[in-house]
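Structure record follows, encoded as structure tokens.
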């Protein structure tokens, strides 16, 4: 009964988020975030339908949609970097490129290891692959928070809500995928209710922080972040050009 109430309550909050995003013209400002919310909303309805109509297919549908949700969720991390570092284009570009590289590497490594497993679509291997990407997401969020605190980068109400909520969601997911593995343990039964409840709290945070548009405030003091990026990027670009020139000389007869 409690699980059903949390499930339907989460769907209701997701619906409210989408409606307020449309009314407040937030969809265009945070497209990846609202695309993620729309996906999760459709995912919840699909799982509920399959669970009651074709229960034998529920496990396959669950892991397919869970995997797609992880990939779509990567866009939320990029969204936070894009909006949070909008005033620092060089740093934002470097952060996006680094995130894309790490996500691709983690996905490729996990996919190769999973593909080599004869039981590659089992729940265990799917959990390992999801844990790898969730861990990368959590590290990216922590790095962005540390960066914002160190350089006093101001985040608006909307972005703080997205970052806080998604950080809480990813953190609980990593804990579940890392430590909650024995389905027969008491802790598993306890976490079976805690995890959906935590997601309900996350949705509540998002509804409160994204009820209307609140732009990021401009920094009151000069930030050294972009200056340091330019100081690092200039010699790096020069060395890359020199390396390409040397490579051309070696390749050409």
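Brief remarks follow.
- Given their separation in residues at 0.36 nm each and the Cα-Cα distance between them, residue 139 and residue 208 gain 22.3 nm when the chain is fully extended.
- For the range 2-114, the spherically averaged projection of the C-alpha convex hull amounts to 9.0 nm².
- One decimal place: the segment residue 152-residue 42 gains 35.8 nm when fully extended, by the rule 0.36 nm per residue minus the C-alpha distance.
- Here is the size of the range 1-66 from its Cα atoms: Rg then Dmax, 13.6, 41 Å.
- Here the calculated FRET efficiency for residue 4 and residue 179, from their Cβ-Cβ distance with R0 = 25 Å, stands at 0.45, rounded to the nearest 0.05.
- Label-point separation in nm, residue 93 to residue 22, each point 7 Å along Cα→Cβ: 3.8
Each value in this text was obtained by applying a stated rule to the coordinates, not by laboratory testing. Note that the coordinates shown come from a computational prediction; the quantities given were computed from them, not determined experimentally. For neighbour counting, all protein chains shown are included, and Cβ atoms are generated from backbone atoms with ideal geometry for every residue, glycine included.
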